[in-house]
1. Modelled with pLDDT under 95, out of contact with any Ser or Thr (no Cβ under 8 Å at 6 or more places or on another chain) and farther than 19 Å from residue 73 by Cβ: does that describe residue 19?
2. Which of the following residues is in contact (Cβ under 8 Å) with a residue 24 or more places away in the chain, under 14 Å from the mean Cα position of the chain (by Cα) and surrounded by 15 or more Cβ atoms within 10 Å (Cβ to Cβ): 89, 103?
3. Which one is farthest from residue 91 (Cα to Cα) among residues in the stretch 28-72 that are modelled with pLDDT under 80 and under 14 Å from the mean Cα position of the chain (by Cα)?
Amino acid sequence: MSIVLFTHASYSQVFVEEQNINELDIQYIELVGVNSSMFGVKIKIFVDYGAPVKFMKGAKIKNSSGKDMKFNTMMHALNFMYENNWKYVNYTETIVGSKLRYVYLLEKK
């Protein structure tokens, strides 16, 4: 009698610019959404994980081929992060200039 065990290794990848943040020795990040439309229908998503941000360039989430990820809403981005081993901790909302800014604090699972 032989027993065969199958294991499923889950390897999550969340690229911010060229860095897979899941491989970093960090515990928390901020998932930041900025309303970029007067009508509230377009949102830009950025991640603050403590790295310096280049001038005039946010820390956007990229797919494994290096293209910017597009999210329909903040919940779309939050669900993506949850599926990739980040969990919700806290939420704040502010107005910067005339734009609404959503900030979700996430912790690595």
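The values are calculated or read from the model by the stated rules, or taken from the named source; none is laboratory data. What you are looking at is a predicted structure, and each value in this text was computed from that prediction instead of being measured. Don't worry about glycine lacking a Cβ; one is built from the backbone with ideal geometry, like all the others, and counts go over all protein chains shown.
1. Yes.
2. 103
3. The extreme case among them is 64.
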